[in-house]
1. Evaluate the following for residue 94: is it acidic (Asp, Glu) and part of a strand (DSSP E or B)?
2. Tally up the residues in region 30-53 that are hydrophobic (A, V, I, L, M, F, W, C), modelled with pLDDT of 95 or more and either touching a Leu at 6+ places or on another chain (Cβ under 7 Å) or in a loop (DSSP other than H, G, I, E, B) (or both), please.
3. Taking region 36-67 on its own, how many of its residues are among the hydrophobic types (A, V, I, L, M, F, W, C) and over 19 Å from residue 11 (Cα atoms)?
4. If a residue must be over 11 Å from residue 93 (Cα atoms) and touching a residue at least 24 places away in the same chain (Cβ under 8 Å), how many such residues does region 48-61 contain?
5. Being of a type in the set (A, V, I, L, M, F, W, C) and surrounded by 14 or more Cβ atoms within 10 Å (Cβ to Cβ) is the filter here, so list the residues in region 57-81 that pass it.
Amino acid sequence: MRNRYSQRVPMNCSVMFAGDNCVGEGRILDISLPGCLLESPKQMIEGEYLQLRLFLPDHQAPLHVPLAAVRWVEGSKLGIEFIRTSEDEQRRLEQFVRRIPAAAHPSICRDGIVLLGATEQ
């Protein structure tokens with residue numbers, strides 16, 4: 001298994017999403033450059049495609065992701081991969097993820113940066 005290439009930033013923000021068969025709301029529990037961990041009572045399936053509007057705590061307009069995919073489902077938690085965003089939104093996401101130091105989340109990131117998908121050996 002390969003390691004992820006982006007820092008995971010724990011957070012708690014609102015998200016609205018829409019797909020071919022669903023419209024819903026939820027919470028983003030963490031975010032990284034390639035995707036996020038979304039929690040929602042809405043039932044979805046792996047492989048479903050969505051549009052997202054993330055209400056980041058940076059006091060700007062919601063971040064728009066016009067194409068994302070549900071990569072895994074575990075109860076009410078969903079692993080979401082961002083497939084397409086505008087260059088401006090990608091830059092905003094990169095700045096947001098890099099701006100939040102791990103020390104800002106001492107109860108969540110006590111041991112520093114967590115790598116997505118890192119394997120223990």
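1. On the way: acidic (Asp, Glu): yes; part of a strand (DSSP E or B): no.
Considered against the rule, which asks whether it is acidic (Asp, Glu) and part of a strand (DSSP E or B), residue 94 comes out as no.
2. So the answer is 2.
3. Taking region 36-67 first, the residues among the hydrophobic types (A, V, I, L, M, F, W, C) are 36-38, 44-45, 50, 52, 54-56, 61, 63, 65, 67.
Next, from what is left, pick out any that are over 19 Å from residue 11 (Cα atoms): 44-45, 50, 67.
Counting residues in region 36-67 that are among the hydrophobic types (A, V, I, L, M, F, W, C) and over 19 Å from residue 11 (Cα atoms) gives 4.
4. Residues of region 48-61 that are over 11 Å from residue 93 (Cα atoms), as a first pass: 48-53, 55, 57, 59-61.
Next, only the ones that are touching a residue at least 24 places away in the same chain (Cβ under 8 Å) stay: 48-53, 55, 57, 60.
So the count comes out to 9.
5. Filtering region 57-81 for residues of a type in the set (A, V, I, L, M, F, W, C) gives 61, 63, 65, 67-70, 72-73, 78, 80.
If the condition is that a residue be of a type in the set (A, V, I, L, M, F, W, C) and surrounded by 14 or more Cβ atoms within 10 Å (Cβ to Cβ), then 63, 65, 68, 69, 70, 73, 78, 80 are the ones that fit.
Here's the yes/no breakdown for (1) surrounded by fewer than 17 Cβ atoms within 10 Å (Cβ to Cβ); (2) closer than 14 Å to residue 96 by Cβ; (3) among the β-branched types (Val, Ile, Thr):
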site	(1), (2), (3)
7	no, yes, no
10	no, yes, no
14	yes, no, no
17	no, no, no
20	yes, no, no
25	yes, no, no
36	no, yes, no
42	yes, no, no
45	yes, no, yes
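The values are calculated or read from the model by the stated rules, or taken from the named source; none is laboratory data. Note that the coordinates shown come from a computational prediction; the quantities given were computed from them, not determined experimentally. Here the Cβ is made from the backbone with ideal geometry for all residues, glycine too, and neighbour counts use every protein chain on show.
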